[in-house]
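Single-structure report; data block below.
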Amino acid sequence: MNHLTAIFSHIGGTVLLFARAVTHIRTLPRQFPRFIEQCYLIGYTSLPIVTILSFFIGSVLALQSGYSMENFGAKQFIGTLVGLTMARELGPVMVAILLVGRVGSAVTAELASMKVYQEVDALVTMNIPPERMLVLPRLAAVLVMMPVLAIIANLCGWYGGALICQYTHSISVDSEAYFTALKTYMKPRDITDGLIKAEVFGFVIMLVCCYIGLNTRGGPREIGASVTKAVVTSLILILVLDYFVTKALLYS
Amino acid sequence: MSAPYTAAPFVGKTFGVTVARLHKRFGTTPVLKDISLEVKPGEIFCIMGPSGSGKSVLLKHIAGLEIPTSGEVRIGEFDAADPATRDQIRLALVFQAGALFNSLSVYDNLALYPREHRLCGEAGIRDRVMHALAILSLEKAAHKFPSDLSGGMKKRVAIARALVMEPQLLLYDEPTSELDPVMSATLTEIIATLREQTAVTSLVVTHDRDLAFAIADRVAFVMEGRIRGVGRPDEFKKPADPVIANFLNPVIDLKNPRFKQLENNHE
Ligand SMILES: Nc1ncnc2c1ncn2[C@@H]1O[C@H](COP(=O)(O)OP(=O)(O)O)[C@@H](O)[C@H]1O
Ligand SMILES: [Mg+2]
C-alpha cells in the first residue's frame, strides 16, 4: 500500500515537473545556447555509438533471418524483415536504451549533484526556477534529437543488413534485391510510427531522469543511488511503454 | 586597479523579518523549537550558537527553502514560505558551503542572476560583476572554475554573487568561517559598509565573536533549537547566562578536559 502511494506520488511529481517546465516555454528562445548545448550532448556525442551499434544490429538481424528464412525459400524478403524490424522496433528501442545509458544517467548525476551541493537551492533563492533552466532545454533538445538519431539508426541498420546479405555466401542476396524488398513492402507509416516511438521514449526518459535527479535527498552517496534508480526506472518504462505505444500505433 | 568600494544605487526598500513561534521537525526529530525573533528593517542581526543547533535550518526558513512544521516566518508583510514572495523581494543567501554552480566559471556564476533576470546588457553585467569581484579581491579568479578554488575563495565568490543581486535582504551563513583573519576583517567591514550604504537588513549566522561584537546591532543565541538570549552585543560582554558565557569564552582547561568530563558522565 505504501509502495503504491509512493509510486503515484512519483508519477504526480513527474507530471508536475513537466507542467512547471512548460509554463516557461516562452523563455526557450533566449535559452537557445543551452538548448544547442543539450542537442550537442544528446545528439552529436551519441552519434558514433548509435551508428556502430545499429549497423551491427542490422547485420545480425540479416544473418539470423537469412538462416531461418532459407527454410521457407523466403530469402528475397530479408530486406523487408530487416527494414521493418529496424524502423518499427529495434531502431527506436536501441536509441532509447543508449539514451538512458549515455545521457539519462549523466543528467541524473548532474542534477543530483546540483541538488546535494545546494546549487538548486541557490537557484531557487535567486528566483531562477530550476525547471526553466535545467529541465526545459533538455526536454526540447531530446524532442529534436530523438527522431534524428532514430533515422540514423534505421539507415545504418538497413545498410548493415544489406552488406551482410550481399557478402555472406550462404545468403547471397544482392543489395539491389534487398532494397527492392525493403521498399516494396514498407509504408511511410512504418517509419513515422518508429519515430513517434523514439519521441515518446526520449521524452519520458529525460523527464524521469530530471525528476529523479532533482529529488535526490541526502549526501553525495545518494547521487549514485539516484543514477541507478533513474537507469532502472527508464529501462522498465521503455519496455512497458513499447508495448502500449506499439499497440496504440498498430490498432488505431 | 581596485575599485573604491561603492555600492550600486539601492532601488526599492529593505525588509524586516518576523519569526513567530517557529517549529521544525525532520521526520520525528525536532530541530527548531518555538523560535520567535523580530529583525528590524536595516538591522545587522547576528545569530550565534554551537554547531548543529539549527542556525542554518533557521536561515533556510527565512529564505523559503524549508517549510515550517508550525509557526510562520514573514519578510516584511510577505510569507517567506510562499514561492510568490520571491517575485516581490530580492533575497540573497550566502550558503555555508558556497553552493557555487560548478559547471560555470566564477564570472558566469556572478553573471547568472542579472542575465536570467535580464537586468542589463552584457556590458552592464560586466561592470556589475567586475565591481563585485573587485570588492572581494577576486579579479584574478574571474575565469577559474569553482573546483579550482580554495574553500575561502569559494566563500568569497559566494558573497560576491550575493552582492551582484543588489539584495533587499541579505542572509549570510557563516561568512567568515574558512577565511584568514585579514579576510575575515575585510568581510566584516564589507557587511557593515554595505548596510550603511544600502540600509539592507543583514542576518549573519556566525561563530565569529569579533564580527558579531564589532558590527551587530543585536545578537541572538540559538542553542539546541531554542533562542537562549537576544540583545545588543554590549549586553553580552559579561553574560549572566553561564551557558552563553561558556559559549563565548570557553576556557581551555588541560587539567580537567571537557571530553574527560563527558566520558565520566556516560559511565
Ligand atoms: N534536511 C535535513 N534533514 C534532516 N535533518 C536535518 C536536515 N537539515 C538539518 N538537519 C539537522 O538539523 C540540525 C541542525 O542543523 P543545522 O541548522 O545545519 O546546524 P547549524 O546550527 O550548525 O547550522 C542538525 O542536527 C542536522 O542534522
Ligand atoms: Mg550551519
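The values are calculated or read from the model by the stated rules, or taken from the named source; none is laboratory data. Since the model is a prediction, treat every value here as computed from it, not as a measurement. Please note: Cβ atoms are built from the backbone with ideal geometry, for glycine as well, and neighbour counts cover all protein chains shown. These accessible areas exclude ligands, DNA and RNA; they are computed on the full protein's heavy atoms, side chains included. Shrake-Rupley method; radii C 1.70, N 1.55, O 1.52, S 1.80 Å.
Here's the yes/no breakdown for (1) of a type in the set (Lys, Arg); (2) surrounded by fewer than 17 Cβ atoms within 10 Å (Cβ to Cβ); (3) within 14 Å of chain B (Cβ to nearest Cβ):
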{"position": "A:33", "(1), (2), (3)": "no, yes, yes"}
{"position": "A:47", "(1), (2), (3)": "no, yes, no"}
{"position": "A:73", "(1), (2), (3)": "no, yes, no"}
{"position": "A:86", "(1), (2), (3)": "no, no, no"}
{"position": "A:95", "(1), (2), (3)": "no, no, no"}
{"position": "A:118", "(1), (2), (3)": "no, no, yes"}
{"position": "A:123", "(1), (2), (3)": "no, no, yes"}
{"position": "A:132", "(1), (2), (3)": "yes, no, yes"}
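Give segment A:52-65 a look and list any residue that's crowded, with 16+ Cβ neighbours inside 10 Å and more than 15 Å from residue A:171 (Cα to Cα), or say none. Answer for segment A:52-65, where residues must be crowded, with 16+ Cβ neighbours inside 10 Å and more than 15 Å from residue A:171 (Cα to Cα): A:53, A:54, A:55, A:57. I'd like the full set of residues that are open to solvent by less than 80 Å² (accessible area, probe 1.4 Å) and either within 14 Å of another protein chain (Cβ to nearest Cβ) or more than 20 Å from residue B:99 (Cα to Cα) (or both), limited to segment B:120-129. Residues satisfying the conditions are B:120, B:121, B:123, B:124, B:125, B:128.
Take the conditions (1) touching a Ser or Thr at 6+ places or on another chain (Cβ under 8 Å); (2) within 16 Å of ligand 1 (Cβ to nearest atom); residue B:99 misses just one of them, which is (1).
Based on what the data block shows, is residue A:237 touching a Gly at 6+ places or on another chain (Cβ under 8 Å), away from ligand 1 (no atom under 16 Å from the Cβ) and farther than 22 Å from residue A:75 by Cβ? It is false that residue A:237 is touching a Gly at 6+ places or on another chain (Cβ under 8 Å), away from ligand 1 (no atom under 16 Å from the Cβ) and farther than 22 Å from residue A:75 by Cβ.
Checked against (1) among the small types (Gly, Ala, Ser); (2) within 14 Å of chain B (Cβ to nearest Cβ); (3) open to solvent by 10 Å² or more (accessible area, probe 1.4 Å), residue A:105 meets all criteria but (2).
Let's see how each residue does on (1) within 16 Å of ligand 1 (Cβ to nearest atom); (2) under 12 Å from residue B:136 (Cα atoms); (3) away from chain A (no Cβ under 14 Å):
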| residue | (1), (2), (3) |
| --- | --- |
| B:158 | yes, yes, no |
| B:163 | no, yes, no |
| B:167 | no, no, no |
| B:178 | yes, no, yes |
| B:181 | no, no, yes |
| B:186 | no, yes, yes |
| B:202 | no, no, yes |
| B:206 | yes, no, yes |
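Per the conditions (1) among the aliphatic types (A, V, I, L, M); (2) over 18 Å from residue A:119 (Cβ atoms); (3) crowded, with 23+ Cβ neighbours inside 10 Å, the sole criterion not satisfied by residue B:158 is (2). Evaluation of residue B:84 against the conditions (1) open to solvent by 40 Å² or more (accessible area, probe 1.4 Å); (2) within 8 Å of chain A (Cβ to nearest Cβ); (3) away from ligand 1 (no atom under 16 Å from the Cβ) shows that the sole unmet condition is (2).
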